[in-house]
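Working notes, beginning with the structure itself.
The values are calculated or read from the model by the stated rules, or taken from the named source; none is laboratory data. Predicted model only: the values in this text are computed from it and were never measured. In this analysis, Cβ positions are derived from the backbone assuming ideal geometry, glycine residues included, and neighbour counts consider all displayed protein chains.
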Amino acid sequence: MAIADERPIGFGRMKRKEDPRFVRGQGTYVDDVTLPGMLHGAALRSPLAHARIASIDTSAALQHPKVRAVITGKDLEGLGLAWMPTLSADTQAVLATDKVRFQGQEVAFVVADDRYAARDALELIDVEYEPLPVVSDARRALDAGAPVIRDDKEGKADNHIFDWEAGDEAETDRVFDDADVVVVTQEIPFQRVHPCPLETCGAVADFDKVTGKLRLWCTTQAPHAHRTLYAIVAGLPEHKIQVIAPDIGGGFGNKVPIYPGYVCAIVGSILTGKPVKWMEDRTENLTSTGFARDYLMRGRIAADRDGRIRALRVDVLADHGAFNATAQPTKYPAGFFHIFTGSYDLEAAYCTVKGVYTNKAPGGVAYRCSFRVTEAAYLVERMVDLLADELGMDPAELRLQNFIRAEQFPYTTKTGWTYDSGDYHATMREAMRIAGYDELRREQAEKRARGEYMGIGVSFFTETVGAGPRATMDIAGLGMADGAELRVHPTGKAVLRISVKTQGQGHETTFAQIVAEELGIPPEDVEVVHGDTDQTPFGLGTYGSRSTPVSGAATAMVSRKIRDKSRLIAAAALEVSPDDLEWEKGRFFVKGDPEKGQTIQEIALASHGTLTLPEGVEGHLDAVAVYDPPNLTYPYGAYICVVDVDAGTGEIKLRRFIAVDDCGVRINPMVVEGQIHGGLAEGVGTALMQHIAFDEQGNCLSGSLMDYLVPSSMEVPDWELGETVTPSPHHPIGAKGVGESANVGSPPAVVNAVVDALEPFGVRHVDMPVTPARVWEAIQTGTTESPQ
Amino acid sequence: MQINLTVNGETAAAEAEPRTLLVHFLRDTLRLTGTHWGCDTSNCGACVVLVDGEPVKSCTMLAAMADGHEIRTVEGMERDGTLDPVQQGFIEEHGLQCGFCTPGMMLTARALLDANPTPTDDEIRVAISGQICRCTGYKNIIAAIRWAAEHGEEDEVLTSPGGEANDVVTSPQGEGA
């Protein structure tokens with residue numbers, strides 16, 4: 001086909017279908033939605049991290065001429081809505097009733113004629129607080145006498161949330177006790193960070209009293225799951241709830257949970273009978289919505305002198321904030337942290353995770369990663385580097401010596417994951433080739449001799465993404481399978497309806513390409529509908545790199561259903577047996593007579609026309625599919641980072657970053673590369689600057705983009721990408737998902753590079769974010785300890 | 001108060017409170033929602049528009065201060081059905097993902113190219129350094145602007161009314177860096 005020469009039908013580089021509207025400023029984000037008579041909401045937030053609420057006086061606010069309603073926790077109590085369930089089977093206050101538990105917590109909600117008036121009225125609400133002692137450090141949360149944060153929970157006498165373990169402790173102990181071993185122990189915190197999508201969170205709620213229908217435009221990565229939760233929480237009938245996720249200005253996990261503001265907008269609309277818009281500002285976004293990480297990890301690694309890594313143990317103290325609002329599959333309170341064995345063939349592994357409450361914002365979310373995979377990858381990749389240092393081995397060589405070998409796949413880890421496919425050695429060697437690894441080491445040696453501090457950081461990560469098999473994975477009881485519906489119209493144009501929701505990943509393009517690959521319908525002839533629960537089949541949404549592994553698979557499967565049906569229709573049209581037909585992309589033809597055939601467009605017309613259909617074949621060319629993944633997928637990659645450190649100032653210059661990703665089959669390489677670029681920038685930001693910090697009183701010190709630093713164009717290098725392709729054996733098109741890989745793999749590469757640069761000073765570890773101040777301090781002290 | 005200004009070549013007049021920020025005036029009053037609101041501290045640049053040809057963070061400027069001035073927003077980049085080379089470049093080079101930073105980035109790029117039609121990659125980096133993108137890692141934004149430079153029209157002043165080429169300055173604000 002001529003068209004295939006210019007632009008392949010199916011997979012390949014293709015410009016995005018989304019872009020024409022975005023470059024014209026014609027995207028529709030939540031804050032762009034304006035409805036007739038729409039009012040504006042704003043939340044009053046607690047200035048204190050822990051305090052009892054003695055009284056709330058809203059009378060002055062209610063007298064403001066533009067104010068239509070003021071809602072407090074007491075009002076919500078009357079509706080049974082003062083508390084809502086979190087995604088982790090905990091409860092979270094919608095508006096505080098008894099006390100506030102973190103700075104920035106929602107205390108009251110004003111509905112007014114415009115957004116300025118709503119903010120004005122917040123100033124008129126008088127709240128009397130009685131301050132309480134604060135738990136701002138997770139290490140103190142379980143101290144005897146620590147203030148009990150969750151005294152709303154009956155019988156709760158401490159700040160403990162859960163204990164969880166994975167692996168075999170006895171076997172791990174046995175290997176550690178074995179004679180010929182080197183053991184390295186290190187505390188490795190992963191600081192609290194925030195995904196900080198450029199668009200903050202918000203909603204427009206429109207409740208129609210006559211029809212009883214609630215329409216909610218919302219910044220959500222999971223519109224269907226949200227709809228069901230609203231039905232359960234608010235008691236609204238689910239068929240009367242329509243959640244619409246319009247264009248989303250980045251999510252990165254921040255837009256997975258349900259936030260109090262959404263619920264208040266809904267209540268505001270029900271109370272006033274008008275649509276209500278709530279759009280948080282940046283400070284509200286950073287201080288109250290889903291943070292990520294905040295894991296205090298203590299790692300121990302055991303190895304033989306010859307470099308064989310034998311066992312790994314990690315003990316984690318997890319800070320979940322004031323409400324356990326972690327977003328992850330229900331049976332996994334620490335997410336998928338037990339992939340901390342990484343890419344290595346170990347004899348034994350064991351981890352414990354202890355979750356605690358603190359007076360901080362609730363979370364945590366999976367920030368551009370599958371649940372807790374970033375923490376796990378950082379831990380193991382730092383430990384391996386520490387071991388390399390201890391053994392006096394090159395970190396790349398140590399990794400090559402211990403990787404799971406290609407012939408071992410599928411490989412079951414000591415903590416129970418079954419990795420689907422991989423050739424880690426090939427990917428690592430490709431990264432070393434692109435980097436010119438040996439040459440870099442020579443350059444480093446020369447520079448060290450001159451007193452210049454250049455560092456080369458290596459990391460290798462394996463992710464577990466695409467959650468997940470519904471037998472073992474659910475969120476709030478909802479199995480993690482996703483639906484897809486495909487309608488091929490009479491003229492051969494198609495509409496694909498999917499459950500997942502792009503926040504910039506380009507689903508409207510890449511999912512059309514999957515249909516195109518399977519059916520030969522050009523991608524421009526496939527309209528992808530998503531983000532509207534009335535228009536799309538049920539599914540759990542986009543996070544944890546699950547769109548391509550789950551919904552992409554559903555799209556391939558529904559396309560194959562159409563293809564199977566097309567065979568029967570083509571056979572009827574051509575008056576041959578279905579078995580006599582052969583498929584080429586876009587067309588069935590008669591075996592041995594290739595001229596005689598039917599294109600998918602001709603079949604579509606026939607299916608809607610007057611052709612006499614075979615027994616049991618219904619008219620039209622539509623199908624639905626629900627994909628229940630048999631396993632997760634395991635993308636991986638090798639990253640090499642080169643830094644130059646100014647020993648006088650501690651300044652770090654990121655000179656090069658090489659990323660070789662293997663995400664299986666690449667649907668649109670342009671989009672894949674874009675995803676990797678973005679993940680690298682966020683990972684570099686995490687390593688070098690992003691930090692949600694608190695003081696002892698629980699004041700958030702990172703409440704604006706002046707304090708919470710994210711990378712600009714000046715801090716990131718010109719990314720150098722490479723690829724290897726090892727298809728997933730169980731995914732219908734062999735794809736693995738890639739949106740988050742680079743954010744998982746890059747932080748350890750950066751930190752390893754900085755520590756490598758500082759090796760002449762005896763520095764073995766520097767905590768993230770690796771700021772110039774921390775580097776300078778490490779140079780002065782050769783510190784290996786983690787500052788608080 | 002009444003505010004009179006020129007937006008994308010057309011005169012506009014509307015009432016607004018004196019405290020109204022230009023970004024909200026453009027979005028809520030004039031319904032030009034292509035200009036976005038991403039922070040409150042002039043760090044993110046999602047709200048960048050051109051004021052007399054110069055990139056300005058419209059969350060930092062009162063609508064009243066724009067009275068009598070020429071504003072250009074993303075909605076005014078396309079001319080007679082033809083995309084500005086900057087817009088085309090962002091499509092060609094995958095310079096956007098979620099699209100939220102894109103209007104501001106493109107307008108800064110337009111101002112840069114008006115002042116310096118053949119910027120180096122480092123000059124492009126500096127020009128956009130006061131604006132944040134969370135999706136692209138910047139590489140493809142730089143490529144998109146380079147594409148526009150290579151495919152741009154000779155006389156861009158025509159598309160930038162009120163902006164003297166040698167007056168156009170990009171002003172990186174490094175707090176977010």
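Looking only at the range A:130-139, which residues are surrounded by 15 or more Cβ atoms within 10 Å (Cβ to Cβ) and not acidic (Asp, Glu)? First the steps, then the outcome.
Narrowing the range A:130-139 to residues surrounded by 15 or more Cβ atoms within 10 Å (Cβ to Cβ): A:132, A:134-138.
A:Leu132, A:Val134, A:Val135, A:Ser136, A:Ala138 - these are the residues of the range A:130-139 that are surrounded by 15 or more Cβ atoms within 10 Å (Cβ to Cβ) and not acidic (Asp, Glu).
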Which numbered condition in (1) more than 12 Å from chain A (Cβ to nearest Cβ); (2) part of a helix (DSSP H, G or I); (3) more than 21 Å from B:Trp37 (Cβ to Cβ) is the only one that B:Gly89 fails? (1)
For the range A:326-333, state whether one or more residues are in a strand (DSSP E or B) and closer than 28 Å to A:Asp345 by Cβ. no
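Any idea which of A:Ala96, A:Ala121 is free of Cβ contacts under 8 Å to residues at least 60 places away in the same chain and on the phi < 0 side of the Ramachandran plot?
A:Ala96
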Take the conditions in a loop (DSSP other than H, G, I, E, B), surrounded by fewer than 20 Cβ atoms within 10 Å (Cβ to Cβ) and in contact with a Ser or Thr (Cβ under 8 Å, 6 or more places away or on another chain) and apply them to A:Met768. Does it pass? no
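Residues checked against (1) modelled with pLDDT of 95 or more; (2) surrounded by fewer than 21 Cβ atoms within 10 Å (Cβ to Cβ); (3) within 14 Å of chain B (Cβ to nearest Cβ); (4) closer than 24 Å to A:Gly619 by Cα:
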{"residue": "A:Tyr453", "(1), (2), (3), (4)": "yes, no, no, no"}
{"residue": "A:Ile456", "(1), (2), (3), (4)": "yes, no, no, no"}
{"residue": "A:Ala476", "(1), (2), (3), (4)": "no, yes, no, no"}
{"residue": "A:Gly492", "(1), (2), (3), (4)": "yes, yes, no, yes"}
{"residue": "A:Thr510", "(1), (2), (3), (4)": "yes, no, yes, no"}
{"residue": "A:Gln513", "(1), (2), (3), (4)": "yes, no, no, no"}
{"residue": "A:Ile521", "(1), (2), (3), (4)": "yes, no, no, yes"}
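Go through A:Val276, A:Val314 for me and flag whichever is β-branched (Val, Ile, Thr), crowded, with 24+ Cβ neighbours inside 10 Å and not assigned by TED's automatic domain parsing to the domain that holds A:Val70. It would help to see each step written out before you state the result.
Details: A:Val276 fails: not assigned by TED's automatic domain parsing to the domain that holds A:Val70.
On inspection, the qualifying residue turns out to be A:Val314.
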Looking across the range B:33-63 at residues that are touching a helix residue (DSSP H, G or I) at 6+ places or on another chain (Cβ under 6 Å) and surrounded by fewer than 23 Cβ atoms within 10 Å (Cβ to Cβ), the single one that is modelled with the lowest pLDDT is B:Asp40
Any residue at all in the range B:164-173 that's more than 11 Å from chain A (Cβ to nearest Cβ), surrounded by 17 or more Cβ atoms within 10 Å (Cβ to Cβ), part of a loop (DSSP other than H, G, I, E, B) and at pLDDT below 95? yes
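Report, by residue number, each residue of the range A:474-491 that is in a loop (DSSP other than H, G, I, E, B) and over 18 Å from A:Gly737 (Cα atoms). Steps first, answer last, please.
Initially, the range A:474-491 is screened for residues in a loop (DSSP other than H, G, I, E, B), giving A:476-477, A:480-481, A:489-491.
Across the range A:474-491, the qualifying residues are A:Ala476, A:Gly477, A:His489, A:Pro490, A:Thr491.
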Counting only residues in the range B:64-77 that are buried (at least 18 other Cβ atoms within 10 Å of the Cβ) and touching a helix residue (DSSP H, G or I) at 6+ places or on another chain (Cβ under 8 Å), the one nearest to the other protein chains (Cβ to nearest Cβ) is identified as B:Val74
Among B:Cys44, B:Cys39, which is of a type in the set (A, V, I, L, M, F, W, C), more than 16 Å from A:Gln26 (Cβ to Cβ), within 10 Å of another protein chain (Cβ to nearest Cβ) and within 15 Å of the chain's Cα centre (by Cα)? B:Cys44
Determine, yes or no, whether A:Phe22 is within 30 Å of B:Met106 (Cβ to Cβ) and either within 35 Å of the chain's Cα centre (by Cα) or outside the structural domain of A:Thr330 (by TED's automatic domain parsing) (or both). yes
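Restricting attention to the range A:672-686, does a residue exist that is of a type in the set (S, T, N, Q), touching a residue at least 24 places away in the same chain (Cβ under 8 Å) and out of contact with any Pro (no Cβ under 7 Å at 6 or more places or on another chain)?
Looking through the range A:672-686, at least one residue is of a type in the set (S, T, N, Q), touching a residue at least 24 places away in the same chain (Cβ under 8 Å) and out of contact with any Pro (no Cβ under 7 Å at 6 or more places or on another chain).
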Residues of the range B:109-132 satisfying the condition of being at the interface with chain A (Cβ under 7 Å from one of its Cβ atoms) and part of a loop (DSSP other than H, G, I, E, B): B:Ile128, B:Ser129, B:Ile132
Name every residue in the range A:200-236 that is in a loop (DSSP other than H, G, I, E, B) and β-branched (Val, Ile, Thr), in order of residue number. A:Thr200, A:Val210, A:Thr211, A:Thr219, A:Thr220
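For (1) over 21 Å from the mean Cα position of the chain (by Cα); (2) aliphatic (A, V, I, L, M); (3) crowded, with 24+ Cβ neighbours inside 10 Å, each residue gets a yes or a no:
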{"residue": "A:Asp306", "(1), (2), (3)": "yes, no, no"}
{"residue": "A:Gly335", "(1), (2), (3)": "no, no, yes"}
{"residue": "A:Ser370", "(1), (2), (3)": "no, no, yes"}
{"residue": "A:Glu390", "(1), (2), (3)": "yes, no, no"}
{"residue": "A:Leu400", "(1), (2), (3)": "yes, yes, no"}
When residues of the range A:237-273 are limited to those that are part of a loop (DSSP other than H, G, I, E, B) and either in contact with a Lys or Arg (Cβ under 7 Å, 6 or more places away or on another chain) or free of Cβ contacts under 8 Å to residues at least 24 places away in the same chain (or both), the one nearest to A:Arg21 (Cα to Cα): A:Ile248
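Only one residue in A:Val193, A:Val181, A:Val204, A:Val210 is surrounded by 15 or more Cβ atoms within 10 Å (Cβ to Cβ) and either away from chain B (no Cβ under 14 Å) or at pLDDT below 95 (or both). Which one?
On the way: A:Val193 fails: either away from chain B (no Cβ under 14 Å) or at pLDDT below 95 (or both); A:Val204 fails: either away from chain B (no Cβ under 14 Å) or at pLDDT below 95 (or both); A:Val210 fails: surrounded by 15 or more Cβ atoms within 10 Å (Cβ to Cβ).
The conditions single out A:Val181.
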Residues A:Asp114, A:Asp152, A:Asp158, A:Asp173: which one is in contact with a His (Cβ under 6 Å, 6 or more places away or on another chain) and of a type in the set (Asp, Glu)? A:Asp114
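Scan A:Gly504, A:Gly483 and give me the residue that is modelled with pLDDT of 95 or more, closer than 24 Å to A:Gly253 by Cβ and within 14 Å of chain B (Cβ to nearest Cβ). Please lay out each step first, then the result.
Details: A:Gly483 fails: within 14 Å of chain B (Cβ to nearest Cβ).
When all the criteria are applied, what remains is A:Gly504.
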So which of A:Leu705, A:Leu680 ends up being assigned to a loop (DSSP other than H, G, I, E, B), at the interface with another protein chain (Cβ under 10 Å from one of its Cβ atoms) and at negative phi? A:Leu705
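Scan the range A:705-720 residue by residue and report those that are surrounded by fewer than 19 Cβ atoms within 10 Å (Cβ to Cβ) and closer than 30 Å to A:Asp423 by Cβ.
A:Asp718, A:Glu720
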